[in-house]
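Q: The structure is given below, and queries will be raised subsequently.
The values are calculated or read from the model by the stated rules, or taken from the named source; none is laboratory data. Worth saying up front: this structure is predicted, and the values here are computed from it rather than measured. Positions of Cβ are backbone-derived with ideal geometry, glycine not excepted, and every protein chain shown enters the neighbour counts. Note: areas computed on protein heavy atoms with side chains; ligands, DNA, RNA excluded. Shrake-Rupley method; radii C 1.70, N 1.55, O 1.52, S 1.80 Å.
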Amino acid sequence: MRFTFIRFILVGIVNTTIGLSAMFLFYHLLGLSYWMATFLGNTIGACVSYCLNRNFTFKNNTSVSKSLVRFVSVILFCYFVSFYIGKYIVYLALNHIHTFTETISTDLAMLVSTCLYTLLNYTLQKWIVFPQKSVKTKA
């Protein structure tokens, strides 16, 4: 299937806009913690992602029950790995710079984590959640 990464990025723009908006809303307006805001925002984005990636990006007809279990597993794995590493990277980078507030540091961590999440998520969705069946040719 050609151009899956381009379609994945287009879908990613949509679900990331929705998910990140929700994260910032939960964090800034509702005062939720980093982990709660990012988890809830990511969950909202993941729902959009599953529908669009299944039907548009990978054009996959695997049963929903099979692909959804794999999707949720991949999403959770990507979330915890990416958002932990992203927060840690920003902490290390800004630890000695005291000009950024906690809010700005958290916002940066959300952005860095989202980038890491996108790369890891694409790779795992392509190979685990929505694998392409190899086309057999007659010899």
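Q: Hey, can you tell me all the residues within region 55-85 that are of a type in the set (S, T, Y), at pLDDT 90 or above and either touching a Leu at 6+ places or on another chain (Cβ under 8 Å) or assigned to a loop (DSSP other than H, G, I, E, B) (or both)? First the steps, then the outcome.
A: If we filter region 55-85 for residues that are of a type in the set (S, T, Y), which is where we start, we get 57, 62-63, 65, 67, 73, 79, 82, 84.
Next, only the ones that are at pLDDT 90 or above stay: 73, 79, 82, 84.
Passing the criteria: only S82.
Q: Out of L32, L40, L52, which single residue is assigned to a loop (DSSP other than H, G, I, E, B) and open to solvent by less than 70 Å² (accessible area, probe 1.4 Å)?
A: Values: L40 fails: assigned to a loop (DSSP other than H, G, I, E, B); L52 fails: assigned to a loop (DSSP other than H, G, I, E, B).
One residue alone meets the criteria, L32.
Q: For region 95-111, how many residues are farther than 22 Å from G31 by Cβ and either of a type in the set (V, I, T) or in a helix (DSSP H, G or I) (or both)? Spell out the reasoning first.
A: If we filter region 95-111 for residues that are farther than 22 Å from G31 by Cβ, which is where we start, we get 95-99.
Filter once more, keeping what is either of a type in the set (V, I, T) or in a helix (DSSP H, G or I) (or both): 97, 99.
Total satisfying the criteria: 2.
Q: Which one is most open to solvent (accessible area, probe 1.4 Å) among residues in region 55-66 that are over 14 Å from N121 (Cα atoms) and touching a residue at least 24 places away in the same chain (Cβ under 8 Å)?
A: Selected residue: K59.
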